[in-house]
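Accompanying notes for the structure given below.
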Amino acid sequence: MRARTVVAATVLLAPLALCGCGGGGRTPDTVDASQLVRVSPQAPPRGAVDPSTQVVVSAVHGGRLTDVTVRSADGRMVPGAIAADDRSWRSSGTLSAGQRYTVQVSADDGDGARGTTSQQFATTPAGKTLGVELTPGDHAVYGVGEPVTATLSVPVHDPAARKVVESGLTVDSTPSVQGAWYWVDDKTLHFRPQGYWPAHATVSAAYDLGGRRIQGDLFAGPASRISFATGDKLLAVTDAASDYMTVYRNGEQINSIPVTTGKPGFDTRNGMKVVLEQEPEVLMDSSTVGIAPGSSNAYHLEVHWATRVTWSGEYVHAAPWSVDSQGVSNVSHGCTGMSMANAEWFFDTFHRGDLVQVVNSHGDDMAPFGNGYGDWNLSWAAWQKGSALHRVVQTAPAGAAATTVGFIRPVA
């Protein structure tokens, strides 16, 4: 019994081409292979076929299939296999919208004569396409806490459709890590490793479904790819009980800084945060966070060396007005304040993606999503539940070519 799996080929119903295969000094007889096979779908006189159509090649008039390939005009192979009796081939992969395919078939007539024929057809264009914007995408260096994000151009809610989308997302890194995708909402996915990214890693991510149908008239849009690197592992741990921040580089303590955090009623959020952005000078106006102008808690200040860790307005920044309280008590409106010199050092040392943790505060816990990157506050077990495919991904070396479109490397 013989079973041959042939990587999917483009289905283009084109002109006949005969070939003879030589061997041993005698050239086998050739045969008009178009008379030995039937290909479905047939190209309509005008128009195209639905991308959901299965490609079927059948042997007729006593013929046998010896090789079948189906390939799109952009070079993508459609997977399929020849049956054990060599009488049929069926595609196991899906066709893409708006593509032209070529089906090439080699067959023999059962008496040793061989030939090859090809046919072409086109698929109907997509009604709607799904694009994906990946970040970070500027080839820059980030901290080890920076997640990969994927923002969809249209919302996807259906669980089966989410599986298709997620199957088209790949992440590679050097060194390799175990990680997983998490559906934050209908338009947003995050990818993070089980732990943090390794220091000095290279990371790339890609979206590529090759025009595959996602659901209904929604098809995958253009492919996209990003890459970035990580620097040292930088972690700042602020203890709101002792009013000191301890800073670590690659696991070794490099600084201890007296700070002040949120006072009662404005307690700083507990948990792990990630640096979002930095500005040498920021105007902070209490009216933007719901504090009435003219009240005892109102403020309107030019603040220096501001490192943002939440979108709601929590920063690590210079607070020269509270130096006497730093290392002693908590008097801020939720930010972590320090001296001008210490804030400048922190600003120069930390960058986007670096880790900032607060412990022993009476504030709320940092939310996993919606106010910055609180991804690391979810346990690994909880994170895995956010994957539509329920898979852990073992990343391949960054830059390695995937052998299958949308291939995800599951951990056994």
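The values are calculated or read from the model by the stated rules, or taken from the named source; none is laboratory data. All values derive from a computational prediction rather than experimental measurement. FYI the Cβ positions are ideal-geometry reconstructions off the backbone, even for glycines, and counts take in every protein chain you see. Just so you know, the surface numbers come from the protein's heavy atoms only, side chains and all, with ligands and any DNA or RNA stripped out. Shrake-Rupley method; radii C 1.70, N 1.55, O 1.52, S 1.80 Å.
Summary of values
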quantity	calculated
Ranked order, Tyr373, Tyr244 - accessible area, probe 1.4 Å, largest first	Tyr244, Tyr373
Calculated FRET value between Gln194 and Ala84, using beta carbons and R₀ = 41 Å, to 0.05	0.45
Extension gain (nm, one decimal) between Thr349 and Arg46, 0.36 nm per residue minus Cα-Cα	102.6 nm
Most fluctuating residue given options Leu169, Leu234, Leu36, as computed from a GNM of the chain linking Cα atoms under 10 Å	Leu36
Heavy-atom accessible area per residue - the stretch 89-212, 1.4 Å, Å²	36 Å²
For Gly372, net neighbour charge (Lys/Arg +1, Asp/Glu -1) across residues whose Cβ lies under 15 Å away	-2
Between the stretch 310-350 and the stretch 112-158, the alpha-carbon center distance in angstrom	43 Å
Cα-based helix-to-principal-axis angle, 340-349 vs the chain, degrees rounded to 10	10 degrees
Under 12 Å from the Thr135 label point (7 Å along Cα→beta-carbon), backbone N, the stretch 299-320	311
Shape call, the stretch 219-309: gyration tensor on alpha carbons, a/c limit 1.5	oblate
Relative contact order (percent, whole number), the chain, Cα cutoff 8 Å, 6+ residue spacing	16 percent
Relative contact order, percent, the stretch 45-123 [alpha-carbon distance under 8 Å, six or more residues apart]	35 percent
Translational diffusion coefficient (Stokes-Einstein; Kirkwood radius from C-alpha pairs) of the chain at 20 °C, 1.002 mPa s, in µm²/s	86 µm²/s
Point-to-point label distance, Val56-Ser287, nm (Cα→Cβ direction, 7 Å offset)	7.2 nm
Per-selection metrics, the stretch 152-223 (Cα): Rg and Dmax in Å	13.5, 43
Shape category assigned to the stretch 331-397 from the gyration tensor of Cα positions, a/c cut at 1.5	oblate
Listed residues Val141, Val203, Val331 arranged by accessible area, highest first, probe 1.4 Å	Val141, Val331, Val203
